[in-house]
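Worksheet: one structure, shown below.
We did not get these values from a lab; they are worked out from the coordinates using the rules stated. Model, not experiment: these values are computed from the prediction. Cβ placement follows ideal geometry from the backbone for every residue including glycine, while neighbour counts extend to all protein chains displayed.
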Amino acid sequence: MTSSPDPDCIAFIGGGNMASALIGGLVNSGRAPASILVVDPGEAQRARLQAGFGVRTLAAADATLASAALVVWAVKPQLFKDAAAPCAAQVQGALHLSVMAGIRSDAIARATGARRIVRSMPNTPALIGRGIAGLYATPGVTAAERAQVEQVLAPTGQVLWVAREADLDAVTALSGSGPAYVFYFVEAMVAAAQAMGLTPEQGQQLALATFDGATALAAASDEPPALLRERVTSKGGTTYAALESMRGDAVAEAIARAVQAAQRRAAELGDEFG
């Protein structure tokens, strides 16, 4: 006989980096480690989670999962079907939260029998509490359950709800893949710094501080980024020269094409995994 769901029990299927970030945030915010269950076949991973957070762990799914009111899917997308098969009989009545890329809610429903599903598209700054996650909920998810999901994700950063599941492909293209665009731009700035005679360390310090300060300024301002840009661009000055060079190289158009390529690939992956 399986146990009844415990409203305080959260089960994580997969115990990798994103799961660890969420678990750490929950424990640090006061949740009892014993209320968190992690299923992961990796012995070293389980040992790390037990030692670091004191949570309960399982090498494979069993009837213990039936006690979970919330199930968080944090396995690699290509492993989802195999991971879901032994869990399905125990988790049909739970609220499901997916942090997997590319697995659509209908695929989760088919594999688990669940009907209340929230898909999340986080990004890697979540690992230091500076991320943002796009969220989509199936119609059966209540306002209280949305709030519960937000509470789970709160330690990783901001959340943004979208009304259509297809919009998560755009979220993936913008913020899910977005950190890589920033790193790419920083790499280019560091290379330029070296070409101008600065050391790699100096170039990286300057580039990272500039990104951090500029984005913080934009976030704190009520003015749109275009106006902030105009205010630091004097015609005939250094910033003007750089921006005119970028316009000549159609950088804005190239960025738009790149983001749209990521959106198309996100949709393709959804088709593959679905």
Margin query: Can you work out the Karplus-derived ³J(HN,Hα) for every residue in the range 109-122? Use 6.51 cos²θ - 1.76 cosθ + 1.60 with θ = phi - 60°, whole Hz, and x for glycine or proline.
Written below: 4, 5, 7, 10, x, 6, 10, 9, 10, 10, 9, 10, 10, x
Next item on the list: Can you tell me the 0 to 90 degree angle between the C-alpha axis of helix 43-53 and the longest principal axis of the chain, rounded to 10?
Entry: 80 degrees
Check: So which residue, out of Arg104, Arg119, Arg130, gets the largest mean-square fluctuation from a GNM of the chain using Cα contacts under 10 Å as springs?
Finding: Arg130
Checklist line | Per-residue HN-Hα couplings for the range 251-262 [Karplus 6.51, -1.76, 1.60; θ = phi - 60°; Hz; x = Gly/Pro] | finding: 5, 4, 5, 5, 5, 4, 5, 5, 5, 5, 5, 5
Next item on the list: Report the full-extension gain for the segment Asp6 to Ala63: residue separation times 0.36 nm, less the Cα-Cα distance, to one decimal in nm.
Entry: 19.2 nm
Note to self: What does the extension gain come out to for Arg265 and Ala147, with contour length at 0.36 nm per residue minus their alpha carbon separation?
What the structure shows: 39.4 nm
Checklist line | Potential lengthening between Ala192 and Thr238 on full extension [0.36 nm per residue; Cα-Cα distance subtracted] | finding: 15.0 nm
Item checked: When the convex hull of its Cα atoms is projected in every direction, mean area for the range 1-159 (nm²) -> 8.2 nm²
Next item on the list: Could you work out the Rg to Rh ratio of the chain, with Rh taken as the Kirkwood radius (inverse of the mean 1/r over all Cα pairs)?
Entry: 1.05
Check: Taking Cα atoms, how many degrees apart are the long axis of helix 17-28 and the longest axis of the chain, rounded to 10 and kept between 0 and 90?
Finding: 70 degrees
Item checked: Rounded to 5, percent antiparallel among DSSP beta bridges of the range 6-162 -> 15 percent
Item checked: Distance in nm between pseudo-label sites at Ala51 and Ala256 (7 Å out along the Cβ direction from Cα) -> 5.2 nm
Notebook entry, point to check: What angle do you read, to the nearest 10 degrees and between 0 and 90, between the alpha-carbon axis of helix 200-220 and the longest principal axis of the chain?
Noted result: 70 degrees
Check: Per the helix-only calculation at 222 nm, which mean residue ellipticity applies to the chain, given -39500 (n - 2.57) for every DSSP H run of n ≥ 4 and division by its residues, nearest 500 deg cm²/dmol?
Finding: -15000 deg cm²/dmol
Note to self: Using the basic label-point model (7 angstrom from Cα toward the beta carbon), what is the Ala219 to Asp249 distance in nanometres?
What the structure shows: 2.7 nm
Item checked: Residues Phe183 and Asp106, FRET efficiency given R0 of 41 Å [Cβ-Cβ distance, rounded to 0.05] -> 0.80
Check: What size of dipole, in debye to the nearest 20, comes out for the chain about its Cα centre when the only charges are +1 on Lys and Arg C-beta atoms and -1 on Asp and Glu C-beta atoms?
Finding: 260 debye
